[in-house]
Each structure stands twice: as structure tokens, then as C-alpha cells.
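Read through the structure below, which is laid out as C-alpha cells, and then see the notes.
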Amino acid sequence: MPSPPAAAPAGREARAWATLQDGMRRLIETLEAHPRIGPHLVYRGRAEGRAAAFAEPRTG
Amino acid sequence: MLAALGLERTYTHQAAALDEIARGRHVLLATPTASGKTLAYLLALLARRAVDPAAGALFVYPLKALARDQLGTIRRALAPLGLEPGEAAEIYDGDTPEADRRRIRRRPPVVLITNPDMLHLGILPSHDAWSPMLGRLGLVAIDEAHVYRGVFGAHVHHVLRRLLRLARGHGGSPQIIAGSATIGAPRAFIETLCGEPFALVDDSGAPAALRHVLFVRPDTVSPYTLATHVLGTCVRAGHRTIAFTKARRITELIYQWLREQDPGLARRVASYRSGYLPEERRAIERRLFAGELLGVVSTSALESGIDVGGLDVAILVGYPGSLANAWQRIGRAGRADRESLAVLVAMPDALDQYVVRHPEHFFSGAFEQVVLDPGNDTIADAHLVAAGAEQSLDAGDVAMLQGPAGPARVERLVASGRLIETSDRGRWFSPRRRPQREIPLRSTGQPWQLRLLGSGRQLGSLDESRLWFEAHPGAIYLHAGRTYRVVEHVPDERVALAEPVEVDYYTQVYARKETEILETLDERALGPARLQFGRLRVTTEVEAYGRRRLFGQEEISRHPLDDVPPQRLETVGFWTVFPEGTVEMLVADEFHPVGALHALEHAAIGLFPLLAICDRWDLGGISYARHPQQDRAMVFVYDGFPGGIGLARTGFDRAEELFARTARLLEECDCEAGCPSCVISPRCGSGNHPLDKHGAAAMLELLDGRREARPRAVPDGQVAAALAGHRTGVHAGVRGGEPLVRPRPVHPESGAGRAASRLAPGAPDPDPGALAWPEGLPQPAELLAPGEGRWLFFDVETRRSAEEVGGWGAIDRMGLALAVTLDARSGEFRCWHECDVEALGRTLAAADRVVGFNVDRFALTVLEPYLGPSIRRVATLDLLEVIRKRIGFRLGLAHLGRETLGIDKSADGLQSLAWVRDGRLDLVEKYCRDDVALTAALWAAGRHRGHVLFRSRQGLRGRIPVDW
């Protein structure tokens, strides 16, 4: 049961995340360049992300 | 409320669901994986408890494993309310020990977690024991609702209707909150599933990270080899990766290949499937969550359930059949707000190829519908009977359970004896106590069990309609990802025995198929063609099966299947009636007309999952160059289950869309003459012959106006030659003890039957027998039509008991003490002693009808040693048998006499035997006359009133309709 994240990552965690995103791009490039995989890749696309939408605080 | 659960805020969709619950509405949350649906259920429960502090909830999960995943989460979430774990939530399913079951029934937790099967078989049939839970039921949460499609969905619809009726009857007022994956037309689906109006919340407020998507279309290499390379590359780059396969065997194969390719990865990768023990699965999940494992190869077992942590890559080894499923699997990666990658490796089949050629479809949000048909007669009838066993039904109940179709259904069920009307009319109940046991939720009829050869362990069950297609002797049967070979059938036990095997082939039956249109229910134009929807009878003759290689699909061998009974399926379908001149157009343009129709049928069925979620056995197809009923070229697509499951109706409604996509598939596939990616079907019953891909494309051009039919394009002879040689519609007394001696008549008294008293209406009979005839009941003579001839009522008493002769299997050794007949027209009784038996035989043989109670199985068997087998030629009417056939079990004469006529039997069989031993044949005769008279009165009551009465075990008095 996921809970909404408390805050955007910061500091060391943020740096780790940035590294990971770079890693993801590198992974895609690796797959595209792979001699056995690359020739069979027929499409590269993406589904955009979205930010969390929280309900207005309410009482009751 | 949030504070009660230790939370600070909610996503917008959770708040919206809560608002709808507060307004008193049922609500469906159709939002992506990991958007917090369980939290929404719990908030809805708190909202209900704010109004009624005692309110409890039922959480229904489709799978036991899913329920176990959620138990801890729910208990932890409710802990801030001060509830001990056992007070907060308990699981009640097939694995719950008996001792725990009693405790849970007596003191139900706030949240009872169960599944539809347990509701159906355990909770609803014992609803009185569950009164504490049902009486305060405030919320029903239905998780993973999209799973309830087809046959299973139709059953679950009725289980939910039964639940709502009983809960309301016990004082509960449940609202429903349901959760589903993102699907097409979600509100229509959930309203069909539950039979209630719903509010829809489908705008998720949960965050989603950017997802990269790659499509891979292997052409010169196996998709599994390629998937292994992708997995290895991702894992070696340090990304936590999950690869989803469609079968357990493939899971193991990829796992094995990866370890062979890179032994260094062996400890960082695992396989995960449903057959593992729960603790093994938990260990894999823990290692994955902790980052100890970098890769996991899994069947669908991991596509929902607990959060396994922030995975980076999801590889789909084959399109999982629907966008809903694909996105659910993709959603397992990138669950935290960080980028992720999804890689779809396409298989060589029509659907996969369509998807990778049309990325815009993949991202369009055009999710497939989830369809079910609660009106399936077989299913709806069965559940109405089940409801009638749980609590008698009145007209309001019938309307609540079945809607407008209810009254006609009740009438039919009463006529067949499956429901009984109460003696005071207006209520109905089931004569059987537990009809639920005969309703498997995953099939439409009585299923066959698949059992392990040797141990007899049950592996699964399958619908009888699929037996000869999927589980014939020799068939390779995939169950829970494991492979078995069916060895033999045991028809009496409805069991198919199978053994586990490791083989590199699959099996496929060859069959001849014909279809007959029984009724056209709807019709419309489809370009120059007519599109019709209606009831069909499909008759299939299974002739052989072939073994085909798993990789490459070429046939290895073919084996005949002898003596398979013709398989008849009555279902619904939609069919295209092509205009006159279609075949001529095909012939003139040098296409193969039968091959064109056949290829069109395959391709359209292959793409059907784009409209509605289904699997390969849910639909069947058949094509004709000239259908005998309409003399036109026709392509049929039908639901593969008796009565239909809602798919064909969807096809009829959306045929333009289906055929347009089929046309695109055929245009885009660059094969020469048809391949598995377009028109070759892995389940074709005629070995994919003939197929003409380009002819199919031409027919689709005809539908969308790019071509024209040409009635006189070629001479008739040429058409006939083109059709010749191709079948269309092809797809798919030895006992222990003493020898039997014919007893010799020994009784000294005068022969030929002695006349005694007559029926005396309303007055006690002075001389031995008979009972007082019920007042107001017409005499048998008044009830017989002139042309019905001479009728006798008849009974026998024996010299020995069943116990004395070695049981009820030796009735023929009991010996005749005496028999009594009553002439229906004259009202004359006659008593026949053992010495009169031959005269008795002649009298019975001369009668037009001999009416008795258990006359066939008992009385005639007693006489047979005296009179030989010819006594079986007597024309009998056995009242016991008539009633047994109607309600499914036997009732005694004493019971029926008491309930129908208010008359008790004057003695019983044991007393009669005692009198025989004491030589008091006078008393035996009186007793026998009483029974004959009672039989006559029961017959008269049935004929006069059209029913007899009985009392159920629940104490309800019901009418059994009779027509004798």
C-alpha cells in the first residue's frame, strides 16, 4: 500500500537518483547498440510521468 | 479519519472515492497499479464506521495468494485504531483451519478477507452462522475486479447478488468499493458485474515516473533467446529487472539460459512462479526488495500483489494479451517516482505483431473491455437454485437476483423440478440442500477433473465442452505453468488422468466442424454485407491430434482419435453474410475462396483481444464458402462456452473496428503467403489449410467498399471447381450364496386373487383396509379419460427383509408374501398370495397401466423370480421415480401421503415382516391395501391438482409439479 512520498528527494539521495536516470539512458543506448538486440528494435518511445495530485486537506 | 490511520493526506482519487462512499454510492476505482487502492478501501471502511461504529467489511480477492499478501498490510493499517491483528482482519478461505473457522464465524473481525469461491461454497450456504458478520456488513471491497470476466465473471455476478440479498436480509447495508486495472468502459463493466449503479473514479492522483518503452520484433531469432539477451544486458548494467513470461516452462528456460550465458549472474537472478511454496516466494520478494537480487524471471504470479520495491526494467516476453495486463506488468517497474524502462519482445502471432507495428495503439489508452454475460442461462439458472437453497425466494428476491428475466427463469426451474413452489404459493425454494456444490465458478457445466496418474492428486478442472480439445488422451496440457500429458479418461468419474512430462512439443486436435443458426437475434448492415448475431449450434467431430514443435510449430506426428462422440455446443456468435458474387469475385481474381474466408476468420479472431480481454479458448470460428442455410459465403465467430460469455455480442457491436484492424494487419505483414504473425493460427483444427492471406485482404476490401462483388464474373463451373475438394468449416446375477431357485407357489388359499373391499370415499373402510379416501378428492375413475383403458394400482409385501437376503441388491430373493391390486375404474381391491402369482402376472400384463410406488425397482423385482423377465414388459407408472427425476432425490410414500393428503401410513415394512413371521397375513393384507389406497390417493391428488406436496429439510412445504 503505497503512501504519498513525503518530499522530493534531496542531498545524497537526489544525487543517487540522478545517477540512476543517467544509467537508464545509458542502458537504452547499450540495448540499441547490442549486436543481437539492436537490429530487432523497432520502436522507442516513452510514457510521460506525472506529479502526484493530493486532495485538499479536509476535516471530518 | 486520516489521522486514525496515521496518514497526513490522500491522493485525489482516494478522496474522490471517499466522497462517493459518503454520498452512499458504490464506487469503482479504475486506476493504475500501485495507486493506493487498498488504502482507499480502508478509508471507505472508516467512513462507514463513522456512521455505524460496528460496521465491518468483506474484502474479496480473486486469488488466495493475493489475500495473503494483503493481510499484513490491512492489519498494520488498522493497528492505530487499537485493534489487535485478529480483531482487525482475518482470512477465511479454503486454507483456513477448521478451528479458526468456527472462531472467525462467532467473532468476525472488522475486515473479513475471502474469495468468491469461499463466499459461494462456504459463507452464503451457511449464512445463518454468519449472521453476526452479514448483519453489520457495511462495505464490500472487490479487488482486481477486472479478473472477473467471461464464465468466471458471470458466476461472480450471481455470487455477489446472492451476497447482497442475504446481507440485506440479515440487516446489513453494504456499499461496494471495487478496484480494477485501467480497462475500457469500466463503469459498464462494474455495473454488469455487480448489478448495481456505480460511481466511477478513474483519474489517478498517484505520481507516475517517466517510462521508456522499447519494442523488439525478432524475425531471424527466437524471441526467448532475444529476451534472455535483454535481461542479461539489463542485469549486468546493474538495473533491477523483471521479465514476465506467459508460461512457467519459458520462465525456467530463460532463467537457465541466462545462468549458462553468464554464470556470474546465477546468484543475482531468480525465477518466480506460482508453484513455489509461499515461503520460497516471500524469500525471493525479500531479496528483490533489498536489492540482493538484480533479476527475476516470472510468470503472471508477480504482476499484482505486494510491492517488490523500485524495479528499473520490466521485460514483457510476449504481449500479455491486453493493454490492461501489459500496463499492469509494466507498472511493476518504476513504482517510486523514478524513470524506468519497459521492453516488449513480440511473439510471432497476430496480436503481438499488430501491437508492435502500432505503437500509437499501445499508448492510446484504448483499453480493452472486460465482458461477461450474467444472462447465460446455465449459469443464471444454477445460481437462482443456489439462492433458493440459501433462503426461499419471493418475487422481490427473484427480481433483485435476476432482473426482468427472473420470472420466466423461475417458471422454467419449477417445471424442471430444480425449484419448488411453496404450498401456499408465491415463494420458491430448492429441494436440494447444497446445490452450490454442483456449481463450479470457472465453468458452465459439470467439469471434469484433471488428476495426477498414480496419486490421484487433483491438478485442476476443465469444462466438459473443452475436454476433447484440450485434454484428450495424448494431449499436452499446460496447468499452472507446468506440462502434463493426458494418459486416459475415466468417464464414470469425469476424470482425466495425466502425468508430468518435459517435452518440446504441444498438441493440437484436427476436427470437422459444422454450425447451424438456431435463431437470429440481431442484424445490421456491414458495408455491402449483413452482420448477424444469434444463437448457434456448433457440432465438432474430433478426428485426430498432431504434435507440433514448440519452437517453429512444424508438425512432428499425427495420431488418430477414435470413437470421440460428436461435440455439440450451443452458444451465441456473430457472423458476416457476404453479398452474392463474393466467391465469384475471389475466383475471378484468382484467389482461393475457401482459403480467403478461412484466413479472414483466423486473422479476425487473432485480433479480437484488441476489443475485449479474452484468451484463445474463449472464441471459436468457422467459415463457409456457401453456408447451407443462407447459400452465401459466411464467417462465424462464436463464444467458446455453452450459452455464451458476452464476447460475440461485443464483436457484433464493434465489427467495423475489428475488420479495419484485421485489414491493417494483413496489409502490413510482409510475409509472402501467410505466417503465424497474420493468418496462421496455432489452434486451427484443419492444420491451417487452406489459407489465402491476399484473398482475405480482398474480402476486407469488399467490406470497406474498395472492391465489389461480381455475381456473374465467372462461369458456375469454375466456382464449383474452386470449391471442390475443400471442406469448409473445419477447425478448428452373479452373486454369492445359494443359486437362484424359482420359488414354488406354496400358499394354500384359493387362487386367482380374492376380491375385497372397494374404495369408500370419506368413510372408514369396515373390512380389512383401506384408508379413508380424502374428502373432496375425485376418485381415480373420475380422473381417467375414457381412452386410457384399464389402470391398476399395485403393491407387494415380502417374506424376507433386505437384511435377511444380503442387502438391497438381492430384492429378488425376498419372496412374495402377498400383493394387492386396485382397479382404478371399478374401485375393486384384489389380494394375491404367492400361489396366485401367475394369475397376478397375467392381470398386470393385461392392464394398460400399473401404478405403484417403487414398482419398477422393487415390486417387479420381487415378482421376477416367479414370472421371469417378461414381467418387465408391464406398462408401469412408478410415482417414486417420477418424483425422484423431478427433484433429484427420493421421497417416501409416508412422507408424501402425510404432506399431500394428511394421511399417515397404517404401518411400516418391518411391522409387515413381523406379521409374516407370525403368520398374520390378514394384517399384512390390510397394510398392503392401505398402501395401495394411499398410492391411488397420491396419484389422484397429483393428477387432479397438478402437484403433490413435500416438506424440505428446512421445514418448507413445497409443490412438486407432476403430470401423470
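The values are calculated or read from the model by the stated rules, or taken from the named source; none is laboratory data. What you are looking at is a predicted structure, and each value in this text was computed from that prediction instead of being measured. With ideal geometry, Cβ positions are generated from the backbone for all residues, glycine too; neighbour counts draw on all protein chains shown. When the accessible area is computed, the model is the full protein with side chains, heavy atoms only, and any ligands, DNA or RNA have been set aside. Shrake-Rupley method; radii C 1.70, N 1.55, O 1.52, S 1.80 Å.
Could you compute the net charge surrounding B:H13? Neighbours are other residues with a C-beta less than 12 Å from the C-beta of B:H13; K and R count +1, D and E count -1.
Overall, the nearby charge balance is -3.
Give me the 1.4 Å probe accessible area per residue for segment B:211-362, excluding ligands and nucleic acids, in Å².
On a per-residue basis, segment B:211-362 sits at 31 Å².
Taking just the alpha carbons, could you work out the radius of gyration and Dmax for the protein assembly as shown, both in angstroms?
Values for the protein assembly as shown (Cα only, Rg and Dmax): 34.9, 117 Å.
Roughly how many Å is it from the Cα centre of segment B:811-889 to that of segment B:679-718, as a whole number?
First find each Cα centre; the distance between them is then 66 Å.
What residues from segment B:420-459 fall in the zone where the backbone N is under 19 Å from a label point 7 Å along the Cα-to-C-beta line of B:E493?
Zone members listed by number: B:446-459.
Starting from the Cα-Cα distance between B:A720 and B:V221, subtract it from 0.36 nm times their residue separation and give me the gain in nm to one decimal.
So the extension gain works out to 175.4 nm.
Let a ≥ b ≥ c be the square roots of the eigenvalues of the Cα gyration tensor of segment B:12-54; is it rounded (a/c under 1.5), or, if not, prolate (a/b larger than b/c) or oblate?
prolate
What average number of partner chain Cβ atoms lie no more than 10 Å from the Cβ of the residues making up B:220-231?
2
For the interface of A with B, what's the total buried accessible surface in square angstrom, probe 1.4 angstrom, rounded to the nearest hundred?
Buried area (both sides, nearest 100 Å²): 4100 Å².
Please find the FRET efficiency linking B:D394 to B:K885, where r is the Cβ-Cβ separation and R0 is fixed at 25 Å, and quote it to the nearest 0.05.
Here the calculated transfer efficiency is 0.40.
What is the spin-label model distance, in nm, from B:L81 to B:Q630 if the labels are put 7 Å beyond Cα along the C-beta direction?
Rounded to a tenth, the inter-label distance reads 5.7 nm.
Could you state the orientation-averaged shadow area of the convex hull built on the Cα atoms of segment B:387-463, in nm² to one decimal?
If you wrap the Cα atoms of segment B:387-463 in a convex hull and average its projections, you get 6.4 nm².
When ligands, DNA and RNA are left out and all protein chains stay put, how many square angstrom of accessible area per residue does segment B:377-434 have with a 1.4 Å probe?
Per-residue value: 40 Å².
By the 4.7 Å beta carbon criterion, which cysteine residues of chain B come out unpaired?
Those would be B:C194, B:C234, B:C614, B:C684, B:C831, B:C835, B:C928, since no other cysteine Cβ in chain B comes under 4.7 Å of theirs.
At 7 Å along Cα-to-Cβ for each site, give me the label-to-label distance between B:E667 and B:R917 in nm.
For B:E667 paired with B:R917, the spin-label model returns 9.3 nm.
How high is the FRET efficiency from B:E590 to B:V503, r the C-beta distance, R0 30 Å, rounded to 0.05?
0.15
Rounded to whole Å and sorted largest first, what semi-axes of the equivalent ellipsoid does the C-alpha gyration tensor of segment B:754-961 yield via the square root of 5 times each eigenvalue?
Value: 24, 20, 18 Å, ordered largest first.
Express the accessible area of segment B:511-723 per residue in Å², computed with a 1.4 Å probe while the remaining protein chains stay in the model.
39 Å²
Rolling a 1.4 angstrom probe over the protein chains, ignoring ligands and nucleic acids, what is the accessible area of B:H229 in square angstrom, nearest 10?
Counting only protein heavy atoms, B:H229 exposes about 20 Å² to solvent.
Quick one, what does Rg over Rh come out to for segment B:360-519 if you take C-alpha atoms and the Kirkwood Rh?
1.09
Would you mind pulling out the separation of the Cα centroids of segment B:443-472 and segment B:188-228, in Å?
Going from one Cα centre to the other spans 31 Å.
Based on alpha-carbon centroids, what's the gap between segment B:360-411 and segment B:40-65 in Å, whole number please?
25 Å
Of the heavy-atom accessible surface of the protein assembly as shown (probe 1.4 angstrom), what whole percent is carbon and sulfur?
49 percent
Rounded, prolate or oblate: pick one for segment B:511-723, where a ≥ b ≥ c are the square roots of the eigenvalues of its C-alpha gyration tensor, a/c under 1.5 means rounded, and failing that, prolate if a/b is larger than b/c, else oblate.
rounded
Which whole-percent values make up P(r) of chain B when all C-alpha to C-alpha distances are grouped in 10 Å steps starting at zero?
2, 10, 16, 18, 17, 14, 10, 7, 4, 1, 0
Using a Förster distance of 60 Å, how high is the FRET efficiency between B:R485 and B:R9, based on the Cβ-Cβ distance and rounded to 0.05?
0.60
Just to be sure I understand: of the beta bridges DSSP finds with both ends in chain B, what percent are antiparallel, rounded to 5?
The antiparallel fraction comes to roughly 60 percent.
Obtain the nm distance between the two label points defined at B:R103 and B:D424 by a simple spin-label model: each point lies 7 Å from its Cα along the Cα-to-C-beta direction.
Calculated label separation equals 4.3 nm.
Note down, for segment B:1-158, the three equivalent ellipsoid semi-axes (square root of 5 times each alpha carbon gyration tensor eigenvalue), biggest first, whole angstrom.
Semi-axes (√(5λ), whole Å): 23, 19, 15.
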